[in-house]
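This is the structure I have questions about; it appears just below.
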Amino acid sequence: MAKSNPLPHPANWWLFTAVMLATACGGGSHSGPDRIPDLDLRIERLDQDLFRSARDSSTNFSLRLYAQYGPFYQVYVERILQAAPIDDPRLPIALTRFVMDPDWSAAQKQADQVLGDLEPQRQALEQGFERLKGFFPDSLVPRVIAFNSGYNYGATPTDSVLGIGVEWFIGKDSEAVRYLAPESFPQYVKDRMRPEMLVPSAVKSWLQVHYMKDIRGQDVLTHLVETGKVLYLLDAVLPETNDALKFAFSDEQLAWCGENEFGIWKELVAKEQLYSKKGEDIDRLLNDGPFTNGFPRQSPGHIGEWIGYRMVKRYMDDHNEVTMAQLFANTDPRVVLKSYKPR
């Protein structure tokens, strides 16, 4: 921002991604029940509670917040803000300094103004997790906690909590976002900092952590298919969300993918990368960026997510008998590959 972060800044904006105009992501016959009612999901406001509490003269506000937010509060102060250990007597001082800093307080003020009480987002998250339980009845519905990360994390899923950094979704034209250093926050990242990105980004991060297998050391094809499964599930639980938002693409980038699907696939096959286990081949297709290296600049970054999704969607379209649970239980990506015919 206008000055350096008073707390250490890991700039882990990749979690913000996570994240289809010509090729809409309809779940088709695999969409499952609309939702399981009566989840009564809430969004707890650690961001507002901290900014109110830290202005009190009492030094025990941190203990009160710890009692209210439990283990996630320790994650917040130690890993997200990197302020101080939870039992460090200097923690209240570090948090007060964070809250009183004019840049971070301005970002929080804009979050309060732009996002308000987060009721539309709460409703969308509630409906999304209701649909998720329709596919996976034993799935855990997370405790949702909003926080201000000082632009360190946009989403932080733990075992039981989905944390959301509200300052990441206040609008690319807001003053706080415009002052972010371009070397750490390039324009394509700022362009995503819109309120409508909050729900798909948060749900995508939850699904990636809780539904994606550990595929370290596997080949490109495995990475594409496993990532595609997550995007297919994301589309099914958020069917009313703008398709481009689910991939964290612009509308133009998504349209380009639809128009060039065969060319994208041809590039992968021509370079014989599908069965490569090289980290650079996997990273090139799945890491974020303004575009994907080796493809035209009109392409989006992490184009592998889109190709993986297209592969999974075609497989599910061809196999109406396969449930979502069976799709995720399948461990052979070649089964999915057999159905894929890029157009």
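Taking the beta-carbon count within 10 Å as an exposure proxy, list Trp256, Trp306 from fewest neighbours to most. Kindly include the intermediate steps, with their values, before the conclusion.
On the way: Trp256 22, Trp306 29.
Least crowded to most crowded, the residues run Trp256, Trp306.
Report for region 13-211 the percent antiparallel among DSSP-assigned beta bridges with both residues inside it, nearest 5.
So the antiparallel bridges amount to about 25 percent of the total.
Based only on other Cβ atoms within 10 Å, what is the fewest-to-most ordering of Val144, Val237? Display every interim value, and only then the final one.
Values: Val144 21, Val237 27.
Fewest-to-most Cβ neighbours within 10 Å comes out as Val144, Val237.
Restricting the count to DSSP beta bridges whose residues both fall in the chain, what percent are antiparallel, rounded to a multiple of 5?
On the way: 3 of 11 bridges.
Of those bridges, close to 25 percent are antiparallel.
Mind giving me the nanometre distance, one decimal, between the label points for Gln187 and Glu78, set 7 Å out from Cα along Cα→Cβ?
4.1
I would also like to ask the following. Near Lys266, which aspartates and glutamates are there with a Cα under 18 Å away, not counting those fewer than 8 places off in the same chain?
Asp219, Asp281, Glu305
How much length would be gained if the chain were fully extended between Val209 and Arg52, taking 0.36 nm per residue of separation minus their Cα-Cα distance, in nm to one decimal? Provide the component values of the computation, followed by the final result.
Details: separation 157, 0.36 × 157 = 56.52 nm, distance 3.15 nm.
My answer for the length gained is 53.4 nm.
Moving on. Give me the one-decimal nm value for the distance between modelled label points at Asp112 and Arg90, 7 Å along each residue's Cα-to-Cβ direction.
2.9
Using the count of nearby Cβ atoms within 10 Å as a rough guide to exposure, how do Asp288, Asp318 rank from fewest to most?
Asp318, Asp288
Given a Förster distance of 35 Å, report the FRET efficiency between Ser160 and Gln298 from their Cβ-Cβ distance, rounded to the nearest 0.05.
It comes out at approximately 0.30.
Please state, rounded to one decimal and in Å, the Kirkwood hydrodynamic radius that the chain gives when every pair of distinct Cα atoms enters the mean of 1/r.
Computed over Cα pairs of the chain, the Kirkwood hydrodynamic radius comes out at 21.0 Å.
Another question, then. To the nearest 20 debye, what charge dipole does region 220-337 have about its Cα centre, counting +1 at the Cβ of each Lys and Arg and -1 at the Cβ of each Asp and Glu?
340
Mind checking the dipole of the chain: about its Cα centre, +1 per Lys or Arg Cβ, -1 per Asp or Glu Cβ, Debye to the nearest 20?
Using Cβ point charges on Lys, Arg, Asp and Glu, the chain gives about 460 debye.
With r as the distance between the Cβ atoms of Asp138 and Glu321 and R0 = 22 Å, compute the FRET efficiency 1/(1 + (r/R0)^6) and round to 0.05.
Plugging the Cβ-Cβ distance into 1/(1 + (r/R0)^6) gives 0.50.
Laboratory data are not the source of any read-out in this text; all were calculated from the coordinates shown. Here the structure is a predicted model, which means the values were calculated and not measured. Positions of Cβ are generated from backbone atoms using ideal geometry, with glycine treated the same way; all protein chains shown enter the neighbour counts.
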